[in-house]
Structures are given as C-alpha cells and as structure tokens.
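Just below is one structure, and these are the notes that go with it.
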Amino acid sequence: MKPFDYFSPASLTEACGVLAQSGNDARILAGGTDVLVELRKPSAHSPKSIIDISRILSLKGITETGDSIVIGALTTHDEIYRSQLVARYASLLRSAVATIGSPQIRNRGTIGGNIMNAAACADTVPPLLALNAHITLKSVSGERELALADFFVKPYVTIARKDEVLTGIRFPKLDPGVRSSFVKLGRRNALSISRLSVAVVLRINSANVIEEVRIVPGAAFPSWQRVGEAEELLVGQHPSREAFIKAGKKVSEIMISYSGRRWSTEYKEPVVAVLVRRALELCVSQEKTA
Amino acid sequence: MNTVAISVTINSRRYQLMIKPNVTLLEMLREELGLTGTKCGCEVGECGACTVLLNGRPVNSCLVLAPQVDGQEVVTVEGLAQGKSLDPLQESFLDHDAVHCGFCTPGILMSAKGLLDHSSNPTEVEVRTAISGNLCRCSGYQQIVDAIKDAKQTTDQKEKRRVHADTKT
C-alpha cells in the first residue's frame with residue numbers, strides 16, 4: 001500500500017472540516033471492504049489522505065421517526081440484517097444485505113459505503129430505490145437531503161461533491177400488508193457479485209387487484225431506475241403468472257433499449273425477465289403481515 | 001506520512017503501538033507482533049484465511065487498517081487455547097481430522113468461534129453460512145462442518161471423561 005496521511009475525526013463536524021481542507025485528494029474510509037482493495041491495487045491512483053470516519057458513533061444505528069426508518073451511514077450489513085425494524089418495515093432490504101459478500105464482509109461493510117462506492121452491482125441500492133429512499137449529505141457549508149433516485153450518474157459516479165460525507169438514509173416504512181422481495185443471481189452464493197438482481201415492492205388490495213408496484217433491477221441499466229413501463233402493465237391487474245411474465249419481458253425489452261445488443265444480451269435478456277417474475281411471485285407467496 | 005499511536009487488546013493482552021497508517025491489521029499481527037497463526041491468502045477479502053475476531057465478530061484482517069483497531073479487542077487463533085489446553089473447537093478439529101494442509105484452519109476456527117460464541121447449538125445451515133467466507137483449498141469441508149457441529153459435544157465428552165477419571169482415582 002502506498003503511503004497516505006491518516007485522519008480519524010471523532011465527530012461529524014471534525015470530519016467535514018478535515019474533508020474541506022483536504023481538497024480533491026482525500027478518500028473517506030468506513031468499513032474498508034471496497035477501499036482497502038482499491039488501495040492495494042498497484043496501478044490505482046492513491047489518495048493523499050485517508051479520512052477514517054469509522055469512529056463517529058453518531059453515524060451508526062437504525063431508528064424510526066414517525067412514518068420513516070433512518071439508517072446511519074456507518075451501519076453494517078450485519079446490523080441491518082439483525083434489525084427488527086428493517087425486518088418489519090423493509091424486508092426486501094433485509095433479504096438484500098443477507099446476500100452481500102460473506103459474514104466477514106457483512107460485519108465490516110456499511111450501507112453508506114455501498115451507496116457511495118456506487119458499483120453497478122451494489123446490492124443495497126435496488127431495494128432502497130424501491131423504498132423511495134432519500135439520503136443526507138453533509139459538508140462544512142451545510143446539509144442537503146436528496147432522493148437516492150437523483151444521486152447516481154453512472155457506475156462509480158455520483159453527484160456528491162468531494163467535500164461531502166453521506167450521513168444517513170431515510171425511507172418511508174412499508175405499510176403492513178405491502179409485500180416486498182429481492183432476488184439476486186450470482187455465480188455462487190457466498191462472495192458473489194450480482195450479475196443481475198431485482199427488487200420489488202407490491203401492494204395488492206382486498207379485491208386482489210395490484211394497486212401499486214415498484215420494480216428496480218440491479219446491474220441491468222447504466223444507472224439504476226424503476227421500470228415504469230413494466231409497472232404500468234401490472235397496475236389494475238390481478239396478480240397472475242401471465243401478468244408477471246409480461247412484466248418481466250417488458251423489463252428485459254427496456255434494458256435492451258438502453259444497452260443495445262451486446263455479447264451478454266443473449267444471456268441477460270431471458271434472465272432478467274425470469275428474475276422479475278420470480279421476485280413478483282415471491283411477493284405473492286408471502287403471508288400478509290396484517 | 002504520519003505514524004499513529006494505537007492501544008489495542010489482542011488475545012487479552014494490551015499493546016501500545018506506533019504504526020504507519022498504510023499497514024493492515026493482518027500485516028501488523030504477522031510482521032510487527034509475530035502472531036503468524038493468522039494466514040495471509042488473497043488480501044482482497046475473498047478467501048478468509050486472515051479471519052480474526054474484532055470485538056467478537058469475524059472480520060477479514062486484510063481489509064482492516066491497523067489504526068482502525070485503536071481501542072478495540074482482537075482475538076486471533078493464538079488466543080483460542082488456554083495455556084496448554086486447547087479450545088474444545090480445536091479438539092473437535094483434531095477428532096474429526098478436519099485439518100488437511102492447515103492453511104485455512106486458523107481462519108475457519110475464528111469464523112466458527114464467532115458462531116459458537118453467539119449460538120451454542122447451531123444447525124448445519126448456520127455452520128455452513130458461518131464459514132461461507134472461508135475457502136479450503138483441500139476441499140475438506142465435510143470434516144470441518146462436522147467438527148464445528150460437534151464442538152459442543154466435544155466439551156461435554158471431555159467433561160464426562162474428566163468426571164470418569166475423577167471417580168476412578
């Protein structure tokens with residue numbers, strides 16, 4: 001590892017101060033599961049300073065405030081997995097973090113790091129988008145909250161400024177009775193990078209009609225997005241295998257309209273469609289919680 | 001580059017160290033402290049050979065920067081045995097021939113220890129999940145899984161053996 005200056009601010013205010021002074025050549029370190037791998041690459045541009053925020057306890061933990069759940073940026077995947085609040089109000093996020101890396105990675109890796117690293121395969125992002133999550137960024141010049149949907153430009157690129165630190169994620173609780181799911185296809189179960197994933201939130205009313213659906217594929221688009229065209233096909237319909245197959249095919253069609261046909265299309269085209277159908281079916285097979 | 005003063009508890013012993021920040025916990029354990037039981041495998045968090053317990057939870061020591069363990073508690077494979085008496089988990093590994101070449105063993109022991117400390121009677125699925133971040137290049141997984149599942153029983157048997165020996169004398 002190349003040399004760097006190391007800072008470990010004890011508070012968020014101190015962290016913002018150090019970031020503001022470090023200019024463009026600083027890297028924020030949280031759980032380190034992505035950053036340390038990068039730092040060790042001989043070819044990589046290495047930052048002049050590492051700002052270790054892992055000591056800032058105020059950035060840890062999961063709380064509920066009224067209708068929302070707030071997750072501190074430093075909360076680990078394992079802590080999210082073990083949270084009763086997440087299990088109750090955002091079960092698709094719990095399913096997603098369970099698939100990340102290995103137990104060792106889940107004990108260190110943080111939700112904030114997963115978002116800020118912005119890899120196309122980041123497993124917390126599709127569920128958070130399906131939950132309509134907002135994030136808070138802080139710097140010496142103030143704080144701003146923005147929709148996660150507006151945050152990503154392309155893989156590994158976000159609209160965060162160099163002097164900003166992600167402090168937390170907020171999303172509305174899913175109503176009891178609203179179902180949600182996350183499915184992922186990797187090369188194996190442990191330590192696999194998502195080849196493709198799908199997060200779904202589905203609301204079916206008492207007349208067994210789909211009232212609302214949100215479908216967010218992962219690792220499929222140049223940047224993450226809900227697939228409104230497929231969602232429209234489902235709203236007002238009864239949940240059925242045929243309807244879910246149609247929605248899956250639509251997602252696949254939209255994906256190709258962005259990516260064009262390339263070497264991986266032959267594989268991804270049917271797989272995305274099947275994953276969408278499976279995610280929807282998984283929602284329907286769940287017991288209603290209320 | 002600055003050096004950083006840290007204070008860390010490793011295997012119940014307190015260390016005060018001055019270290020360079022571009023050193024991983026793994027490098028610090030092996031190179032600075034001579035605790036070479038922890039193995040260096042892939043150095044990208046894929047193989048689990050470097051697994052240690054950090055505040056009671058298994059982590060890849062290759063993905064932790066040494067200054068990050070300031071004020072924390074680390075347990076390595078050297079911390080399992082109490083004096084000359086092996087940990088029941090280690091006894092169970094011997095009983096089940098769960099060690100082939102041995103390179104993955106320290107990491108797998110620490111992943112298993114992290115599991116057994118929190119759930120004393122794990123299911124096979126829990127055991128397999130707990131070691132899913134550890135690769136065994138000899139592919140001796142079955143013996144490893146059996147050893148971890150039986151670790152508690154090994155403790156009970158030892159207890160029985162001891163009681164038996166006591167009544168004999």
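The values are calculated or read from the model by the stated rules, or taken from the named source; none is laboratory data. Everything quoted here is computed from the prediction, not taken from an experiment. Note: ideal-geometry Cβ built from the backbone for every residue, glycine included; neighbour counts use all protein chains shown. These accessible areas exclude ligands, DNA and RNA; they are computed on the full protein's heavy atoms, side chains included. Shrake-Rupley method; radii C 1.70, N 1.55, O 1.52, S 1.80 Å.
A dipole drawn for region A:152-204 from +1 and -1 charges on Cβ atoms has a positive end, and of A:Gly177, A:Val165, A:Ile193 the residue lying farthest that way is A:Ile193.
Give me the 1.4 Å probe accessible area per residue for chain A, excluding ligands and nucleic acids, in Å².
Numbers: 12920 Å² over 290 residues.
On a per-residue basis, chain A sits at 45 Å².
Note that the protein assembly as shown carries a Kirkwood radius of 23.8 Å, evaluated over its alpha carbons pair by pair.
Which value, in square angstrom to the nearest 100, describes the accessible area buried between chains B and A on both sides, using a 1.4 angstrom probe? Summing both chains' loss of accessible area gives about 2400 Å².
Of the whole protein surface, A:Ser49 contributes about 10 Å² of accessible area at a 1.4 Å probe radius. Across the accessible surface of region B:1-139, with the other protein chains kept in place and a 1.4 Å probe, carbon and sulfur atoms take up 47 percent.
So if I place +1 on the C-beta of Lys and Arg and -1 on the C-beta of Asp and Glu, and nothing else carries charge, what would the dipole magnitude of chain B be about its Cα centre? I want it in debye, nearest 20.
Charge dipole of chain B: 300 debye, to the nearest 20.
Think of region B:53-158 as a dipole: +1 on every Lys or Arg Cβ, -1 on every Asp or Glu Cβ, centred on the Cα centre; then among B:Ala130, B:Ser61, B:Ser85, B:Ser61 lies furthest on the positive end. Could you tell me what a quarter of the Cα convex hull surface of region A:1-89 works out to, in nm² with one decimal place? Mean shadow area of the hull around the Cα atoms is 7.0 nm². Which one of B:Ala130, B:Ala151, B:Ala81 has the biggest mean-square fluctuation once chain B is modelled by GNM with Cα springs under 10 Å? Of the options given, B:Ala81 has the highest mean-square fluctuation.
So, counting K/R as plus one and D/E as minus one, what does the shell of residues with Cβ under 13 Å around A:Ser194 add up to?
Numbers: positive: A:Lys184, A:Arg187, A:Arg188, A:Arg195, A:Lys268; negative: A:Asp123.
Summing Lys/Arg as +1 and Asp/Glu as -1 gives +4.
Normalising the average separation of contacting C-alpha pairs (under 8 angstrom, six or more residues apart) by the number of residues puts the relative contact order of region B:1-147 at 25 percent. Only protein heavy atoms count here; on that basis, with a 1.4 Å probe, A:Ile50 has an accessible area of about 0 Å².
For A:Leu129, what is the net charge nearby, where nearby means another residue's Cβ is under 9 Å from its Cβ and Lys, Arg count +1, Asp, Glu -1? Can you show the working numbers first?
Values: positive: A:Arg214, A:Arg226; negative: none.
Cβ neighbours under 9 Å give a net charge of +2.
Each Cα pair under 8 Å and six or more residues apart adds its separation to the average, and for chain A the resulting relative contact order is 15 percent. Here region A:1-159 is treated as an ellipsoid with the same Cα gyration tensor; its semi-axes, largest first and in whole Å, are 25, 18, 15. Across region A:55-134, the mean sequence separation of Cα contacts (distance under 8 Å, 6 or more residues apart), normalised by length, yields a relative contact order of 26 percent. For region A:89-194, a crude dipole built from +1 on the beta carbon of Lys and Arg and -1 on the beta carbon of Asp and Glu, taken about the Cα centre, is about 380 debye to the nearest 20.
Here the dipole of the protein assembly as shown is about 540 debye; that uses its Cα centre as origin and unit charges on the Cβ of Lys and Arg (positive) and Asp and Glu (negative). Exposure check, 1.4 Å probe, all protein chains in place: A:Lys60 carries approximately 80 Å² of accessible surface. Of A:Leu185, A:Leu57, the order by accessible heavy-atom surface (1.4 Å probe, DNA, RNA and ligands excluded), from most exposed downward, is A:Leu57, A:Leu185. When exposed loop sites are taken as chymotrypsin sites (Phe, Trp or Tyr not before Pro) in a DSSP loop with at most 16 other Cβ atoms within 10 Å, the longest stretch of chain A clear of them is A:1-155.
What Kirkwood Rh does region A:181-223 have if only Cα atoms enter the pairwise 1/r average? Answer in Å.
Numbers: mean 1/r = 0.0832 Å⁻¹.
Computed over region A:181-223, the radius equals 12.0 Å.
Diagonalising the gyration tensor over the Cα atoms of chain B and scaling each eigenvalue by 5 before taking the square root yields semi-axes of 31, 19, 13 Å, largest first.
For A:Ile80, the shell of other residues with beta-carbons less than 10 Å away shows a net charge of +1, using +1 for Lys and Arg and -1 for Asp and Glu.
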